[in-house]
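The values are calculated or read from the model by the stated rules, or taken from the named source; none is laboratory data. Quick caveat, the model's predicted, so the values are computed rather than measured. Cβ: placed from backbone, ideal geometry, glycine included. Neighbour counts: every protein chain shown.
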Amino acid sequence: MLEIIPAVMPLSYRDIEQKIEKIIESVRTIQLDLMDGKYVSAKTWPFNDFSGSNWQNILNEEHGMPSWESVDYELDLMIEDIPKYFTDLVRIGPTRIIFHFPKNKDKKEELKKFILNLDNFYKYEIQLGIAYEHGDDLQDILDIGQEIKFVQCMGIDQIGIQGAHFDETVFERIEKIKETLPDVEITIDGSVNTHTIKRLHDAGAIRFVVGSAIFNNEYPSIAVNELYDLISN
């Protein structure tokens, strides 16, 4: 099913609330780009405020995420040590999680083992995906291919920022996934906009994670609908 997914790099819980208010009538899913300040230089909520009341309330199951009854959340984990934080982060209640391979070889192997050995509860309740970044080794993805439902091909070569230039090599990565993992779904994240989305859809992507092209628009919900129009006709 085709889907436009707004991406939020949350500075705070309130930041998530404010952005969702702008697009809640137009989307089914929100992606939270969660960054620890190590995998990439930026740091987002909750990593910038673990002691804050909103995060503590979520951990203690005293309240949920903004508009959780109306939208689903997926988590894009740009985090150096995912196993350390995973159990806490799933308390957000995501329907999908995207893992990024660490550049450190040992950390990468640790993450692969972690994914392969995840409790079946998580594998059944959450769709697991892996990011395919510029420069990543396809074999690393194939090593865990049986555990993932989708691959998120990155449309930019520098992750952790919004508004970066489009990376044309993403089409090569899409083709590699179609050839080697034909049953997994393909998501695109990064530089998805009115100029690129039709080409990406024609290449085989079905989900499109969009940041600045939505939230830099004066009317974010209209921006979402315009993107849908480009891939629905």
Scanning region 156-168 for residues that are farther than 21 Å from PRO102 by Cβ and either out of contact with any Gly (no Cβ under 7 Å at 6 or more places or on another chain) or modelled with pLDDT of 95 or more (or both) gives GLY163, HIS165, GLU168
The residue that is nearest to ASP119 (Cα to Cα), considering only those in region 129-146 that are within 17 Å of the chain's Cα centre (by Cα) and free of Cβ contacts under 8 Å to residues at least 40 places away in the same chain, is ILE130
Using the structure shown, decide if LYS113 is within 24 Å of PRO182 (Cα to Cα), surrounded by fewer than 16 Cβ atoms within 10 Å (Cβ to Cβ) and under 14 Å from the mean Cα position of the chain (by Cα). no
Selection count where residues are in a loop (DSSP other than H, G, I, E, B), of a type in the set (A, V, I, L, M) and more than 20 Å from ILE5 (Cα to Cα), scope region 27-81: 3
Of all residues in region 168-211, how many are touching a helix residue (DSSP H, G or I) at 6+ places or on another chain (Cβ under 9 Å), closer than 20 Å to GLY135 by Cα and part of a loop (DSSP other than H, G, I, E, B)? 5
Could you please find all residues in region 100-125 being farther than 29 Å from THR169 by Cβ, in a loop (DSSP other than H, G, I, E, B) and in contact (Cβ under 8 Å) with a residue 24 or more places away in the chain? LEU118
Quickly run through region 22-51 and pick out the residues that are touching a residue at least 40 places away in the same chain (Cβ under 8 Å) and surrounded by fewer than 18 Cβ atoms within 10 Å (Cβ to Cβ). LYS22, ILE24, GLU25, SER26, ARG28, THR29, LYS38, SER41, ALA42
Within region 4-14, can you find the residues that are more than 14 Å from GLY211 (Cα to Cα) and not in a loop (DSSP other than H, G, I, E, B)? TYR13, ARG14
If you take the residues in region 139-158 that are assigned to a loop (DSSP other than H, G, I, E, B) and out of contact with any Ser or Thr (no Cβ under 7 Å at 6 or more places or on another chain), which one is surrounded by the most Cβ atoms within 10 Å (Cβ to Cβ)? ILE148
Residues of region 212-224 satisfying the condition of being exposed (fewer than 14 other Cβ atoms within 10 Å of the Cβ) and either part of a loop (DSSP other than H, G, I, E, B) or aromatic (Phe, Trp, Tyr) (or both): ASN216, GLU218, TYR219
